[in-house]
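Written below as structure tokens is the structure these notes are about.
The values are calculated or read from the model by the stated rules, or taken from the named source; none is laboratory data. Note that the structure is predicted; figures quoted are calculated from it, not measured. Glycine also receives a Cβ, built like all others from the backbone with ideal geometry; neighbour counts cover every protein chain displayed.
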Amino acid sequence: MLKKINRLSNPKIKSIKSFATKYFILKIANNNLGKVKIAIIVSKKIDKKAVIRNKIKRMLSDMVYDFAES
């Protein structure tokens, strides 16, 4: 899971880059501390159950976290 410092808590920030596909939305923003903030949104097209969508978000955030650490 992403550290709290890397999570995008306020998606109304104006300097956000957004990458969207049919099933996912990835939002990335820089802050003044040099850290990258990330938000992952999973569409209901994947599954109607929030449990499954949250599991997918956790897997994606782990991949992003591992990529950011290296």
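A few points about this structure:
- Matching residues, region 1-34, being among the β-branched types (Val, Ile, Thr), modelled with pLDDT of 85 or more and not in a strand (DSSP E or B): Thr21
- Selection count where residues are exposed (fewer than 13 other Cβ atoms within 10 Å of the Cβ), of a type in the set (D, E, K, R) and free of Cβ contacts under 8 Å to residues at least 12 places away in the same chain, scope region 19-70: 5
- Verdict on Lys37 being assigned to a helix (DSSP H, G or I) and of a type in the set (Lys, Arg): no
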